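The structure appears right after this line, and notes come after that.
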Amino acid sequence: MTRSGLDSVLEFETLRSELQAVADEMSIALMRSSFSPVIRDFLDFSTALCLPDGRMVSQGFSLPLHLGAVPRAMEAFLWAFPEGLAEGDVALLNDPYAGGMHLPDIFVAAPAYCGGRPVGYAVVVAHQADIGGRVPGGSAADNREIFEEGLRLPPLLVRSAGQPVPAVEAILRANVRLPDVVWQDLQAQIASVDLGTRRLAELAARRGTGLQHGLEDILGYGRRRLLAVLDDWPAGIYEFEDREDHDGIADRPVPIRVRVQVGSSGILFDFAGSSPQVPGSINCTSSFTESACYAAVRALAGEDIPVNAGFMSAVTVSAPPGSVVNASFPAGVAARGVIGYRVIEAIYGALSRALPARVPAAGDGGTSGIRIGGTLPDGRRYQYNDIVCGAWGARPYADGLDGAAGMAANIANRPVELSERDDPVRIHAYELVSGSGGEGQFRGGLAVRRVVELLAPHGTLNLRTHRNLTAPYGLAGGGPGRVSETWLIRGGQRRRLPAKATLEIRRGDVIDHVTASGGGFGEPALRDPAALNEDRAEGKADKP
Amino acid sequence: MTASGIRVAADVGGTFTDVIAIDAAGHYVALKVPSVPAAYEAGIGDGVRRALSQLGAGPGDDLLHATTVATNAILERSGRPTGLITTCGFRDVLEIGRLRIPDSYDLAYRKPPPLVARRHRLEVTERTAAGGEVLAAPDLEDLAPAVDAAVAEGVRSFAVSLLNSYANPSNEHAVAAWLIARHPRLSVTTGTAILREAGEFERTSTAVVDAYLKPVLNGYLDRLAAELESQKVPMPVMVMQSGGGLLPADDARDHPVHVLESGPAAGALAAARIAQELGIKNAVAFDMGGTTAKACMVDAGKVGFGSEFTVGAEVSAMSRLLRGGGYTVRLPAIDLAEVGAGGGSLVRVDAAGGLQVGPQSAGADPGPACYGRGGTHPTVTDANLVLGHLSVAGLRAGGVSVHPENAATALQLEVARPLGLSVEEAAEAVHQVADQQMARALRAVTTERGRDLAGHVLIAFGGSGPVHAASLADSVGIRTVVVPPLAGILSAVGLLWSAREVWLVEPVGSALRSDGMPALETLLRDMQDRVRRRLPGAGVRRVLEMAFRGQAHELAIEVADPMPESTSLMAEFERRHREFYGHAAAAAVEVVRARVAAALPAPATALRAPAIKGRALEANRQGRFQGAWCSIPVIRRSEATSRRAGPLYIDDVETTTVVPPDWWAEFDELGNLVLTR
């Protein structure tokens, strides 16, 4: 399609920025009214606008691993409400086996009407602070099936023709550990979709039937932007296998296999040969795997491409049912984030041959979760909870970053001083590990070390770490990163712990965790001597 | 020295230095002179001398100053090597930061290098517990060789920031005292001297920025004083703070971190004062400059403050909420939303036929294509020139060489041709898409307050603000625009209006309860005494920042003297929380910190009349609105006496106000230009 004439250019551009503004506003409205730090500080949410038939036209602020979430949720809503939602309705869902991703992520959708005619949907997905289940916060890796993970909500009306549905509130409140926080955050989601539908209706009122055409143009634009990128990528078939070391229950590696087919009319990801679904709850829904594919493409494109149904029409994902990348009922999915990481790294590994000047080597492989919970002598419960990460793989043009979050979990750490103030722990080190980056013309990012001592008499340590057997890969002759390590120090004795574990610890025990480091890129002999000297002067590389 | 009543303001930006000199009667001279990035003080000295001589006056009582010198030193990392002493095991806190990156998809992201090299981040064996108990005193003997080595390598300024020092700074003080005793010529900043608050990264980063800037700002203020002396206009200097208010130069030398980002603060505060004078309840200040546009809510004449800002972070309508990137400073700053759309923003057509404006900018060099300094890519300013909105004669008179044909060529090649438009149509499209970009910033700040933009008044300023204000207002349903006098250099005006101000912040971190009130009152009184000692005779404001327990966002509640009951503070907090966030949770309320400000208001000088009047350089010029060219009358602000209908151009020395068809323009008695439709 080509556009010409000032009016059509302006119509298109105005609609495009107005949609972006609506999506921004929905995100701001959500952050403004939400209570839990998961939404306000960790930004674990996404907003979107869809056509009446469910196709997504625009996303606001979005977590990369939410990119494919909304289309599947809209399918489920429209399956449950085949006539579409009525004016004044608001629907929600979280069931991974009916449009959801994992139980803490609640989707909320509302229809926009203009003059009695449906013009689209506003959708918000947000991670709730709790959803019941056997572990607070609802993302334990060692659940064995969905029934252990909390409250399942199939597509339901939470507001019907403008009237709240009291049963939904009662059931939700009765099943979560933080009923006020969860209910407040759900109200924030509803405020956000209400704002989105109001703005969408205003757009429709100004444009009349022109809106539908305009939105189709926006979809076409998303598709053209992606195809223009794919046009520059060499056509071909590229394969790779990466693995997660452990599912939290069965002690065997979990392979992720991908075959990527790049062509000028689209890109196809086939995960045949990936592990069957596993007993531990690291399995993904197909929507999560799709999200990881969209995110990888979007990042490798290197441009600010809008991800909408037009973009998605050029991406095909085939994930075998019953596999770890498309789990079947009733597999546990609470801790699926780690497989999302591995899917992206498998795709990068495959496409490194197609795009050698763009694709980075593998990084630390995901955020290490170190949680210590228990009861103090005075009966108060405590929960120390931190994530440790920060090593990027080397890029074909630059070293991997030291101490930076990555795409799949771009979140903030918790200050040491707040942990020590609020939890019975003392932290002895939070630092980069000198000389740990994978060798190469460009080196991998340095591993990050965190050393934690328990000050309470007793505690339960829950470890969720990655890459402690399979090192992050290097590319183009670059060396691999180092594997992660966790040590328990008790009475002067050091004992290495497995990647995922739950064990009892006591006062004075020290947990010494080092993440994996990033893989290198290019032959180490080609490293710029000035860069090497700088690293040595900075204590980032070992002295000769 | 007896006061002459003459005051001078100088706002230094990367491209231009804006100078105003004003006498006690309100007669003024305003100048825009090119900045001299290699020696900013030279541009100021020259501008100040010229302004004063045109006003027929000798040196003023003081020079009120906003400067980008500190910001630039950080962005360019042109400061000298700086050191950091921190607790053993934590030297990388400064580098790891809070982990988040600004754009999740950016595989090519480069982290801003820490202001202190890793080899100059020295660890000392010491420990304070979270409760304040000293577990181990600092082992200074062990630290000495590393410090001596760093000094030998040229480190002249150190930050000292130890873990948990917010709970008990004694170890931090001990290290600082030892450092000064060992190397008396070092300058030393302790983290807790600026901010005694939990959060090791933010406190350390703020201290490091301060330590890094000390040599920079001291050198600069020395050179500025010498320059003023040699231009025969010696004056005491006061510097604008990011949190508002002017700080005497000597205080700025002690803690330069307070004077980062001072220009935007002065502009927003000037807009707030105009809203107060006009009795406007709901206004949005809109400042469009060369590289970005900024929006700021002005609520009943007051701007909002955030508790933290970053220098050099990525700019977008959402970036302030999403965070990540840049250099963090945990100090109050005016809460602005910023988008990458300014006069110099580059315009291009993407592979799928989308028209993109910004965020990349042509900057000061080469600048827009029409400046003829080697820029070949079209910018928003090029589009405005093609549309006739900018005066070629006016720009040339201001010392800018202008080549309209370069603007047309750039737009033709990079916008018009790919979109199948004429050059004029392409220019119109660029103007409108820029408006849409800026609308995102306006919507961001109002949506945060749960408000709709319609019904707000837009207060427009900055070099390009009045060019876009009316069309931008049209695109978001705003019907009233105020363009203040000297809108193109409003930050300099804001300096004239700013109070001399010092403030103190202390962490509290306790629940708001009736039995805690006496302790709070004692703290506030102690802080009052301390600020009054620094600024005798000043009026004092007391503010408590409060939050629901577990929430990261605080609200500032002003508290009267004597202290009200805890229940009435609680009710006020809940009311404000409901107003800001749409709800009030049933959780305990915590007082996070206390802030006390002492302010000596500026002399109430109104801008009466320019000392030198001028006529517009042309009676009319061709301008394009809604697809048609017509001859548009051009006037100077000083010529406008009655209500006039658009289309109309009002050319001032520093900017042009564009009045489109369907809009009316009139002047109020304070010299503001009020546009309505």
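From other protein chains only, count the Cβ atoms within 10 Å of every residue's Cβ in A:8-20, then give the mean.
Neighbouring Cβ atoms belonging to other protein chains average 5 per residue here.
Could you check the simple spin-label distance between A:TYR97 and B:CYS630, using points 7 Å along Cα→Cβ, in nm with one decimal?
Output for this residue pair reads 6.9 nm.
Based on the Kirkwood radius over alpha-carbon pairs, what value in µm²/s does the Stokes-Einstein equation return for the translational diffusion coefficient of the protein assembly as shown at 4 °C and 1.567 mPa s?
Stokes-Einstein gives a translational diffusion coefficient of 41 µm²/s.
Calculate how steeply helix B:262-278 sits against the longest principal axis of the alpha-carbon atoms of chain B, using the helix alpha-carbon long axis, and give the answer as 0 to 90 degrees to the nearest 10.
So the helix axis and the longest Cα principal axis differ by about 70 degrees.
Relative to the longest principal axis of the C-alpha atoms of chain B, give the angle of the C-alpha long axis of helix B:517-534, reported between 0 and 90° and rounded to the nearest 10°.
Tilt of helix B:517-534: around 70 degrees.
Counting C-alpha atoms alone, how compact is the stretch B:329-466: give Rg to one decimal and Dmax as a whole number, in angstrom.
16.3, 50
Apply the Karplus parameterisation 6.51 cos²θ - 1.76 cosθ + 1.60, with θ equal to phi minus 60°, to every residue of the stretch B:28-43 and state each ³J(HN,Hα) to the nearest whole Hz, in sequence, with x for glycine and proline.
Here the 3J(HN,Hα) series is 9, 10, 10, 9, 10, 10, x, 6, 10, x, 6, 7, 3, 4, 5, x Hz.
Output the direction-averaged projected area (hull surface divided by four) of the convex hull of the alpha-carbon atoms of the stretch A:48-177, in nm².
8.0 nm²
Arranged from highest to lowest average of other beta-carbon atoms within 10 Å per residue, in what order do the peptides B:100-106, B:237-243, A:129-135, A:237-243 appear?
B:237-243, A:129-135, B:100-106, A:237-243
Over chain B, what is the mean sequence separation of C-alpha contacts under 8 Å (at least six apart), divided by residue count, expressed as relative contact order in percent?
The value is 12 percent.
In whole Å, what is the distance between the alpha-carbon centres of the stretch B:144-173 and the stretch A:476-515?
Centre-to-centre (Cα) distance: 31 Å.
Among A:PHE288, B:PHE16, rank each residue by its count of other Cβ atoms within 10 Å, from fewest to most, as a rough exposure measure.
If I rank by nearby Cβ atoms, fewest first, I get B:PHE16, A:PHE288.
Can you pull the three principal axis extents for the Cα set of the stretch A:417-469, in Å, largest first?
48, 25, 14
State, to one decimal in nm², a quarter of the convex hull surface area for the C-alpha atoms of the stretch B:542-677, i.e. the direction-averaged projected area.
Spelled out: convex hull of the Cα atoms, projected over all directions, averaged, 14.3 nm².
Averaged over its residues, how many other protein chain Cβ atoms are within 10 Å of peptide B:12-20's Cβ atoms?
0
Given 0.36 nm per residue, what is the gain on full extension from A:ARG506 to A:ALA272 after removing their alpha carbon distance, in nm?
Full-extension gain reported as 79.7 nm.
Please give the residues of the stretch A:86-111, grouped as numeric ranges, whose backbone N is less than 18 Å from a label point set 7 Å along the Cα-to-Cβ vector of A:PHE147.
A:95-98, A:103
Determine the gain in length on full extension of the stretch B:ARG373-B:ALA129; use 0.36 nm per residue of separation and subtract their C-alpha separation, reporting nm with one decimal.
Value of the extension gain: 81.9 nm.
Which of the peptides B:418-429, B:538-549, A:206-217 is most tightly packed, and how do the rest follow, judged by the mean count of other Cβ atoms within 10 Å per residue?
Going from most to least packed, we get B:418-429, B:538-549, A:206-217.
Could you compute Rg(Cα) / (2.2 N^0.38 Å) for chain B, with N its residue count?
For chain B, the normalised Cα radius of gyration comes out at 0.98.
What FRET efficiency comes out for the pair A:ASP53/A:ILE489, r = Cβ-Cβ distance, R0 = 45 Å, nearest 0.05?
Result of the calculation: an efficiency of 0.15.
Between B:GLU558 and A:SER8, what is the spin-label point distance in nm, taking each point 7 Å from the Cα along the Cα→C-beta axis?
5.6 nm
Could you tell me how many cubic angstrom of Cα convex hull volume chain A has per residue?
It is 150 Å³ per residue.
Could you give log10 I(q)/I(0) at q = 0.13, 0.27 Å⁻¹ for the stretch B:323-408, computed by the Debye formula over C-alpha point scatterers of equal weight, without solvent?
Reported log10 I(q)/I(0), two decimals: -0.53, -1.34.
Go ahead and estimate [θ] at 222 nm for the protein assembly as shown from helices alone: -39,500 (n - 2.57) per DSSP H run with n ≥ 4, summed, over the residue count, rounded to 500.
Calculated at 222 nm, the ellipticity per residue is -9500 deg cm²/dmol.
How far apart, in nm, are two points set 7 Å out from the Cα along the Cα-to-Cβ line at B:ALA181 and at B:ASP526?
Once both label points are built, they end up 2.6 nm from each other.
Taking beta carbons within 10 Å but only from partner chains, what does the mean come to for residues B:250-259?
The per-residue average across the peptide is 0.
Tell me which lysines have Cα within less than 25 Å of B:LYS294's Cα, excluding those fewer than 8 residues away on the same chain?
Cross-link targets: B:LYS32, B:LYS111, B:LYS281, B:LYS302.
Which order do the peptides B:70-78, A:427-435 take when ranked by the mean count of other beta-carbon atoms within 10 Å per residue, highest first?
With the highest mean Cβ count within 10 Å placed first, the list reads A:427-435, B:70-78.
Which Rg and Dmax, in Å, describe the Cα atoms of the stretch A:484-537?
Over the stretch A:484-537's Cα set, Rg and Dmax evaluate to 17.9, 49 Å.
Once amide H atoms are built 1.01 Å from N in the peptide plane, which residues 5 or more positions from A:VAL317, or in another chain, come under 5 Å H to H?
Long-range HN contacts for A:VAL317: A:PHE269.
Read the figures in this text as sums done on the coordinates, not as results from a lab. Just so you know, these numbers come straight off a predicted model, no measurement behind them. Reconstructed Cβ throughout: ideal geometry from the backbone, glycine too, with neighbour counts over all protein chains shown.
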